[in-house]
Amino acid sequence: MQPLRIGLLGIGTVGGGTVKLLQNNADEITRRLGRELIITRAASRNIERTREICGHNTLISDDIFDVVNAPDVDVVVELIGGTTVAKDAVVQSIKNGKHIVTANKKLLAEYGNEIFQQAAVHNVMVMYEAAVAGGIPIIKALREGLAANHIESIAGIINGTSNFILSEMRANGSTFTDALKQAQILGYAEADPTFDIEGHDAGHKLSIISALAFGTPINFSQCYLEGISHLESLDICYAEELGYRIKLLGITRKTPEGIELRVHPTLIPESRLLAKVEGVMNAVSVQADMIGQTLYYGAGAGAGPTASAVMADIIDVTRLQNAEASYRVPYLAFQSNSLQNISILPMDEITSSYYLRVSACDEPGVLGEIANILAAENISIEALIQKGIINKESAEIVILTHSTKERLIKQSIARIQALPRVLSPVTMIRMESLHPR
Ligand code: HSE
């Protein structure tokens with residue numbers, strides 16, 4: 001059989017890792033596949049480096065369209081990132097009848113629906129295991145391993161940079177700023193870390209896996225994004241004292257009213273496996289009707305882990321290259337004519353439990369006023385403690401609520417903040433029990 005001919009776009013960390021993986025593991029892969037894989041062409045801005053990495057058997061260019069339009073390329077592996085050049089390259093490759101393997105979560109979150117439509121017209125595969133949680137085969141699990149289930153919810157730690165920062169803040173009592181600096185020194189966070197710390201990266205990934213779980217188009221524009229930059233060490237400490245950890249979670253849940261799709265810091269009980277995921281590691285917990293809860297853990301970034309996912313996709317493409325479309329796994333796990341436009345719930349309509357921290361005068365009756373406001377909205381209190389006396393006259397009250405609608409907690413917070421004896425804005429962090437069923 002002819003070897004599968006790969007055209008590589010982008011020779012950064014992941015591109016370089018992919019070439020190295022193929023050099024190291026070619027025999028093992030051929031033993032599985034019964035067919036050789038060769039990188040016929042590669043394009044990158046740094047020709048010298050690309051030649052050094054790929055060797056002399058690969059045609060090198062600094063023009064991505066030399067790869068995209070080449071007749072000797074069966075699959076284009078897009079590892080450029082972003083949504084400008086990468087989008088043009090992917091769309092043109094599809095029009096040229098080439099299969100796509102990409103690690104580009106932003107591209108798929110923002111343009112995936114249109115890209116999959118184009119791919120169907122041209123009868124090519126678009127594979128994207130590396131786009132979510134790096135090396136963890138979560139796309140494979142959702143599209144294939146769990147295909148017999150109704151998936152009910154997913155909760156994941158899907159941004160390693162944020163998880164590293166939160167781990168540092170908890171373990172060493174660091175401030176957010178110091179923990180971020182440490183992440184930058186270690187090369188986990190970019191010079192401009194916005195994308196990671198404000199929840200965008202996690203939102204891209206969550207939107208993709210939510211679509212796969214529930215059989216909808218990708219709905220990134222409606223995903224709620226809240227990052228970790230406003231978190232205070234104090235709340236991480238209080239949460240810990242109460243038996244909780246704070247994690248940046250991507251949460252998606254199907255409810256009778258619609259789908260919840262949200263990224264935000266979340267208190268979770270320390271006994272949950274997700275609570276024990278530290279540093280840059282990722283983990284995704286999936287709740288489904290037949291299997292119950294399953295957990296997928298591993299490296300969410302880095303050359304080797306991400307290349308592992310890229311190569312697994314290339315292997316799948318090789319196996320199914322000549323198969324009819326009906327033999328392939330649908331792009332978004334469900335047949336494209338069966339995708340459902342289920343509405344994404346506005347945040348006011350989601351259901352969650354809440355952690356509230358209120359600074360108030362330490363006087364008789366204050367606690368009662370706060371409890372009355374919550375009771376008026378039918379919000380039940382799970383725990384309530386007075387913490388950290390700020391000075392002789394004021395104190396901090398930490399309240400954990402049972403689950404309620406977000407609209408009701410927001411109304412209550414507005415009323416609590418309006419109390420004359422409440423001294424500063426109320427801190428609110430969402431809380432999830434993540435109960436395995
Ligand atoms: N920057 C991401 C993270 C990895 O910190 O998890 C790539 O999506």
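The values are calculated or read from the model by the stated rules, or taken from the named source; none is laboratory data. Everything quoted here is computed from the prediction, not taken from an experiment. Every residue, glycine among them, receives a Cβ derived from its backbone with ideal geometry; neighbour counts consider all protein chains shown. All accessible areas refer to the heavy atoms of the entire protein, side chains included, with ligands and DNA or RNA removed. Shrake-Rupley method; radii C 1.70, N 1.55, O 1.52, S 1.80 Å.
Computed quantities for the displayed model
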item	result
Placed amide H near Leu423: partners under 5 Å, 5+ positions off or other chain	Ser359, Ala360, Cys361
Where Arg45, Arg262 fall by accessible area, highest first, once all protein chains stay in place (1.4 Å)	Arg45, Arg262
Principal axis dimensions, largest first and in whole angstrom, of the range 253-310 by Cα	41, 28, 24
Spherically averaged projected area of the range 261-406 from its Cα convex hull (nm²)	14.2
Debye log10 I(q)/I(0) for the range 61-204, one point scatterer per Cα, at q = 0.11, 0.18 Å⁻¹	-0.54, -1.07
Descending principal axes extents, the range 137-185, alpha-carbon based, whole Å	45, 19, 13
Simple spin-label estimate for Arg49 and Ser338 in nanometres, 7 Å along Cα-Cβ	4.5
Residue of Gly81, Gly279, Gly55 that the Gaussian network model of the chain assigns the largest fluctuation, springs spanning Cα pairs under 10 Å	Gly55
Residues with amide H under 5 Å from that of Leu225, placed H, sequence gap 5 or more	Val263
The range 1-66, Rg to Rh (Cα coordinates; Rh as Kirkwood inverse mean 1/r)	0.98
Solvent exposure ordering (accessible area, 1.4 Å, most first) of Thr18, Thr351	Thr351, Thr18
Cβ-Cβ FRET estimate between Leu295 and Asp27, R0 fixed at 51 Å, reported to 0.05	0.95
Cα-centre dipole for the range 144-272 with unit charges at Cβ (Lys and Arg positive, Asp and Glu negative), debye to 20	320
Rel. contact order, % - alpha carbon contacts under 8 angstrom, at least six apart, the chain	16
Dipole-positive endmost among Val310, His230, Ile342 within the chain (Cβ charges, Cα centre)	Val310
Separation of the Ser61 and Gln118 label points, Cα + 7 Å toward Cβ, nm	1.7
Net charge dipole size for the range 255-379 [Lys, Arg +1 and Asp, Glu -1 on Cβ; Debye, nearest 20]	620
³J(HN,Hα) computed for each position of the range 56-66 - Karplus, 6.51 cos²θ - 1.76 cosθ + 1.60, integer Hz, glycine/proline x	8, 7, 9, 6, 10, 8, 9, 10, 4, 6, 5
Solvent-accessible surface (1.4 angstrom probe) belonging to Asp348, in square angstrom, nearest 10	60
Solvent-accessible area, 1.4 Å probe, carbon plus sulfur percent, for the chain	50
Entries of Lys247/Lys276; Lys106/Lys205; Lys105/Lys140; Lys20/Lys105; Lys95/Lys140 with Cα pairs more than 18 Å apart	Lys20/Lys105; Lys95/Lys140
Mean accessible surface per residue for the range 105-209, computed with a 1.4 Å probe while every protein chain stays in place, in Å²	36
All lysines inside 18 Å of Lys405 as judged from Cα atoms, apart from same-chain residues fewer than 8 positions distant	Lys254
Proportion of all alpha-carbon pairs of the chain beyond 32 Å (%)	42
Part-to-part distance (alpha-carbon centres) for the range 263-322 and the range 139-170, which is given in Å	5
Per-residue HN-Hα couplings for the range 104-109 [Karplus 6.51, -1.76, 1.60; θ = phi - 60°; Hz; x = Gly/Pro]	8, 5, 5, 4, 6, 4
Other-chain or far-sequence residues with amide H under 5 Å of Leu249's (modelled H)	His264, Thr266
